[in-house]
Amino acid sequence: MQTHQYDVVIVGAGGAGMRAALESSTRVRTAVISKLYPTRSHTGAAQGGMCAALANVEEDNWEWHTFDTVKGGDYLVDQDAAEVMAKEAIDAVLDLEKMGLPFNRTPEGKIDQRRFGGHTRNHGEAAVRRSCYAADRTGHMILQTLYQQCVKNEVEFYNEFYVLDLLVDHDLAAGHVPEGEEVNVSGVVAYELATGEIHVFQAKSVVIATGGAGKIFKTTSNAHTLTGDGMALAYRRGIPLEDMEFFQFHPTGLAGLGILLSEAARGEGGILRNADGERFMERYAPTIKDLAPRDIVARSMANEVREGRGAGPNKDYVLLDLTHLEPAHIDAKLPDITEFARTYLGIEPYTEPVPVYPTAHYAMGGIPTNIEGEVLRNSNDVIRGLYAAGEVACVSVHGSNRLGTNSLLDINVFGKRAGISAAHYAVGASFVDLPESPAVDVVAELEQIRVRPDGERVADLRKALQETMDANAQVFRTRESLQQALADIKALHKRFRAVSVQDKSKTFNTDLLEAVELGFLLDIAETVVVGALNRDESRGGHFREDFPKRDDENYMRHTMAYRRPLPAKGGRQWQSGADGDHDGAFAYTEVFDDYQLVLGSKPVTVTRYQPMERKY
Amino acid sequence: MTAVAEAPSKIGEVPSFTVTLRVLRHLPADDGELAERWDEFQVQAHGTDRVLDALHQVKWEQDGSLTFRRSCAHGVCGSDAMRINGRNRLACKTLLKDLDPSKPITVEPIKGLPVIKDLVVDMEPFFASYREIMPFLITTGNEPTRERLQSAEQRERFDDTTKCILCAACTSSCPVFWTDGQYFGPAAIVNAHRFIFDSRDEGGAQRLEILNDKEGVWRCRTTFNCTEACPRGIQVTKAIQEVKRAMITRAF
Ligand SMILES: Cc1cc2nc3c(=O)[nH]c(=O)nc-3n(C[C@H](O)[C@H](O)[C@H](O)COP(=O)(O)OP(=O)(O)OC[C@H]3O[C@@H](n4cnc5c(N)ncnc54)[C@H](O)[C@@H]3O)c2cc1C
Ligand code: SF4
Ligand code: FES
């Protein structure tokens with residue numbers, strides 16, 4: 001075992017992690033730990049753009065952007081956070097340009113902008129051009145540019161190191177740490193893939209930036225490595241997860257594969273059609289049609305298929321039609337995604353419509369933070385020295401449905417904020433003592449799986465999980481379907497205790513790490529499903545067929561999912577005053593074998609905009 | 001081994017076929033040495049399956065110890081460059097049906113970088129060359145308050161080389177790199193090109209100085225392997241030629 005000491009440790013080297021590192025590393029001694037080489041992070045897969053009210057091509061301002069974000073999120077957005085993001089968006093884009101990001105340009109040489117779903121002029125009047133982009137590889141350019149700056153600043157990376165535990169000086173999962181009590185982070189435990197060695201990092205500040213968790217679903221635009229690690233680590237340590245039931249299904253994944261075709265395809269004029277060739281979005285969103293927010297388009301597509309109007313031999317997808325666009329225009333604006341259609345489906349988008357179906361895309365929920373990036377352990381108290389940013393975090397700027405281009409923005413704005421906050425805190429803080437044997441839990445878990453001579457295969461369990469999530473917790477949900485998913489997850493948790501891996505070596509044992517990642521996926525899936533079961537309403541990405549309306553009276557609050565010990569004898573055992581038990585609004589507890597999942601809630605911050613019906 | 005296309009039993013069902021993978025394994029022994037051997041696996045594949053799907057099928061259903069890197073699974077992260085039927089490609093971008101599934105498909109690690117295990121190589125020497133060419137925008141003077149202006153034509157000048165995903169398919173297909181591991185290799189030159197021809201950048205002269213080194217661009221023998229290997233379709237050889245020309249004319 002090796003021990004390291006840094007002022008700031010950043011976990012994750014995607015857009016959020018590297019943006020944080022650029023701030024932190026110039027101020028204090030900083031290390032970035034990443035399970036992937038930084039440039040392999042999934043930020044690089046983002047296509048369409050990053051929005052900011054630059055007003056380079058038409059009138060625009062940050063207040064309109066704030067409003068669109070709040071409305072797009074179906075009013076579950078914390079409006080103070082959305083305002084910060086929309087205001088700082090402008091500098092976030094300009095910062096990237098100054099770092100060298102090759103944006104597409106206007107004829108005057110300024111950063112060009114294009115339309116994207118849900119972004120409008122003057123509170124919904126018409127679509128506005130707000131998305132700054134570099135063809136359909138904006139995320140690639142952001143990731144490369146941030147990495148280039150990290151090379152320039154000689155940021156220290158620990159690549160292909162998996163962080164497997166978060167060290168906090170109080171046992172929050174025990175459920176008895178009173179509100180107001182000071183809780184500190186002391187570091188993380190990591191596993192070096194190449195050698196199997198354990199590394200303990202002691203740090204004054206830790207920034208979690210591990211990205212999303214799309215792999216709980218079978219059909220997803222997310223990378224194989226997006227297994228919700230950071231969220232699960234926090235959850236296991238008793239930190240709540242916020243709004244996990246809100247998962248975004250992106251309308252246009254390549255049918256059967258889930259590979260994303262950016263909304264930019266529709267922004268540039270693409271049209272969705274059913275088997276009859278009908279432009280069906282005219283029926284669902286008469287004003288902005290194909291450019292309605294993602295949750296609405298995804299449900300409309302699923303509904304077309306359900307009602308028998310799907311295309312293809314099994315009538316199980318719809319068609320994205322680009323054939324009326326000029327090939328030269330497609331090549332200039334959408335080169336990568338049209339190549340995906342050619343490579344993976346053998347479809348020529350110039351002349352043939354592309355088969356598409358909704359794909360699990362983005363986790364709106366995550367580790368709760370305030371606008372400085374500090375992690376909350378209940379509605380009020382922060383954990384000192386602990387920060388989170390990017391898709392892993394829930395600030396919450398996306399509410400129940402994220403607008404396209406708002407995530408690349410989120411990772412830049414809140415990545416930067418978290419990096420600055422973490423460094424400032426480290427300057428004034430001292431190291432917190434590590435627990436006596438900081439790595440025992442991690443080593444025990446790994447060894448158990450590694451040496452178990454035989455047992456169930458990781459891949460079988462993961463497949464079963466992903467299939468039940470696709471079948472029961474996707475675009476349409478009901479109490480019955482969610483209960484089925486929950487029963488399946490519980491059964492899989494039991495089976496997980498018997499998994500074994502075939503690779504017994506210590507060198508680059510990805511077999512073992514896939515098992516660990518499956519454990520994370522199961523934990524995340526349970527928070528998604530239990531959150532969804534509790535929420536007897538439909539809002540943004542969460543649609544309950546048995547409760548198709550939004551219910552502000554009962555559910556205009558954030559869900560907070562806490563893992564807590566089993567009660568000694570029945571009932572909900574956590575004294576009031578202990579964290580999590582706030583207003584009792586969500587009195588919901590789900591009992592698992594070794595713990596219970598207790599749902600609390602957190603108020604939504606409303607500043608300027610009162611909830612209205614969301615119509616497009 | 002021959003491919004047997006099964007008659008679709010249901011209308012619309014994708015026909016499946018069997019393929020054989022021949023994988024060059026490198027298994028670490030207790031003494032730290034790597035034991036090399038060829039393993040054959042049979043997998044059941046469907047129309048849209050890629051080599052990566054076949055490798056996953058082996059790992060998930062037959063031999064969990066088979067080791068390779070991957071993440072995005074659609075050709076944008078650069079994790080899974082490998083030698084497939086003797087050519088460098090991304091496993092996630094190579095469809096089995098395009099490979100003549102009637103013959104065994106050979107899979108080996110990319111060449112010229114030290115193997116860690118099976119298909120995983122040590123990428124550090126590759127990234128070290130990349131870092132040496134100063135792969136970041138270099139400017140002087142005060143920062144402007146707004147964006148730096150750049151015309152669409154100026155932007156187009158280096159568009160091709162901005163697409164690089166650092167997968168090393170090019171560098172590890174280069175015969176010069178195989179025999180001389182000190183050579184910067186095509187990927188580093190591609191990334192130098194990306195900045196040298198960026199109208200906003202002022203570090204071109206420094207970068208050309210670095211690449212003028214004996215291990216620099218002049219070692220390129222214009223064999224075009226790199227261009228053929230590049231999964232992003234970057235005109236790698238052309239980029240190297242442009243850097244060479246810039247070195248002579250100092251016009252960029
Ligand atoms: C196909 C696709 C297209 C998209 N297009 C857009 C778009 O056009 N506009 C937009 O705004 N948003 C888009 N998004 C969303 C956006 O790209 C992501 O939400 C965002 O990039 C997430 O960035 P991140 O830094 O939080 O995480 P990531 O970039 O996913 O990085 C996560 C990092 O954490 C590390 N990590 C994870 N677990 C561990 C661990 N246990 N130990 C150590 N390190 C770990 C990984 O190595 C990685 O470096 C898109 C998403 C997808 C999937
Ligand atoms: S130039 Fe092409 S082959 Fe070479 S590293 Fe970049 S993307 Fe890979
Ligand atoms: S897995 Fe990302 S490029 Fe192949």
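The values are calculated or read from the model by the stated rules, or taken from the named source; none is laboratory data. Keep in mind the model is a prediction, meaning the values are calculated, not measured. Reconstructed Cβ throughout: ideal geometry from the backbone, glycine too, with neighbour counts over all protein chains shown. SASA here: full protein model, heavy atoms, side chains in, ligands and nucleic acids out. Shrake-Rupley method; radii C 1.70, N 1.55, O 1.52, S 1.80 Å.
Taking the longest Cα principal axis of chain A as reference, the axis of helix A:440-451 is set at about 70 degrees. Judged by the mean number of other Cβ atoms found within 10 Å, the most tightly packed of the peptides A:93-103, A:456-466, A:417-427 leads the ranking A:417-427, A:93-103, A:456-466. Can you tell me the 0 to 90 degree angle between the C-alpha axis of helix A:335-345 and the longest principal axis of chain A, rounded to 10? It works out to around 80 degrees. Between B:ILE248 and A:GLU182, the C-beta separation translates, for a Förster distance of 56 Å, into a calculated FRET efficiency of about 0.30. Averaged over the residues of A:336-346, the number of partner chain Cβ atoms lying within 10 Å of the residue Cβ comes to 3.
Given a Förster distance of 51 Å, report the FRET efficiency between A:HIS4 and A:TYR350 from their Cβ-Cβ distance, rounded to the nearest 0.05. For A:HIS4 and A:TYR350, the calculated efficiency is 0.45.
Farthest towards the positive end of the charge dipole of the protein assembly as shown, among the residues A:VAL356, A:ILE208, B:GLY204, is the Cα of B:GLY204, using unit charges on the Cβ of Lys, Arg, Asp and Glu.
For the pair A:ARG495 and A:ALA429, a Förster radius of 45 Å applied to the C-beta separation gives a FRET efficiency near 0.55, rounded to the nearest 0.05. Positive contributions from Lys and Arg (+1) and negative ones from Asp and Glu (-1), summed over other residues with Cβ under 15 Å from the Cβ of B:ASP31, come out at -1.
When the C-alpha to C-alpha distance is required to be over 19 Å, the pairs from B:LYS214/B:LYS244; A:LYS152/A:LYS416; A:LYS71/A:LYS289; A:LYS333/A:LYS615; A:LYS98/A:LYS152 that qualify are A:LYS333/A:LYS615.
By definition, a body whose alpha carbon gyration tensor gives a ≥ b ≥ c is rounded when a/c is under 1.5, and the protein assembly as shown falls into this rounded group. Above 15 angstrom, tally the Cα pairs of region B:17-121 and express them as a % of all pairs, no decimals. Roughly 60 percent, once rounded to a whole number. Only protein heavy atoms count here; under a 1.4 Å probe, B:CYS72 has an accessible surface of about 10 Å².
In plain terms, if you count all Cα to Cα distances in region A:192-256 and split them into 5 Å steps from zero, the share in each step is 3, 12, 16, 23, 18, 11, 9, 5, 2, 0 percent. To the nearest 10, the accessible area of A:ASP60 is 20 Å² with a 1.4 Å probe. Here A:LYS463 is the anchor, and the lysines within straight C-alpha reach of less than 22 Å, apart from those fewer than 8 places off in the same chain, are A:LYS215, A:LYS218, A:LYS490, A:LYS494, B:LYS59. The modelled label-to-label distance between A:GLN448 and B:TRP38, using points 7 Å beyond Cα along the C-beta direction, is 4.3 nm.
Charges were assigned to the Cβ only: +1 to each Lys and Arg, -1 to each Asp and Glu. The resulting dipole of region A:273-400 about its Cα centre is roughly 380 debye.
Each of the peptides A:472-484, A:209-221 was scored by the mean count of other Cβ atoms within 10 Å over its residues; in descending order, highest first, they stand as A:209-221, A:472-484. Would you mind telling me the antiparallel percentage of the DSSP bridges in chain A, rounded to 5? Expressed as a percentage, antiparallel bridges in chain A total about 65. Each peptide in B:105-111, A:283-289 gets a packing score, the mean of other Cβ atoms within 10 Å over its residues, and the list from highest to lowest is B:105-111, A:283-289. Under the combined filter of DSSP loop state and at most 13 neighbouring Cβ atoms within 10 Å, region A:287-346 retains these GluC sites (Glu not before Pro): A:GLU307. Peptide A:90-97 is shielded by partner chain Cβ atoms: per residue, an average of 2 of them sit within 10 Å of its Cβ.
For peptide A:29-42, the mean count of partner chain Cβ atoms within 10 Å of a residue's Cβ comes to 3.
Size estimate for region B:124-249 follows the Kirkwood approach: the inverse of mean 1/r over distinct Cα pairs works out to 14.8 Å. Extending 7 Å from the Cα toward the beta-carbon at both B:ARG146 and B:SER102 defines two label points whose distance is 6.3 nm. Counting only alpha carbon atoms, the long axis of helix A:79-98 and the longest principal axis of chain A meet at about 80°.
Region B:105-160 and region A:26-50 have Cα centres lying 14 Å from one another.
Pairing chain B with chain A buries about 5200 Å² of accessible area. This figure sums both sides and uses a 1.4 Å probe.
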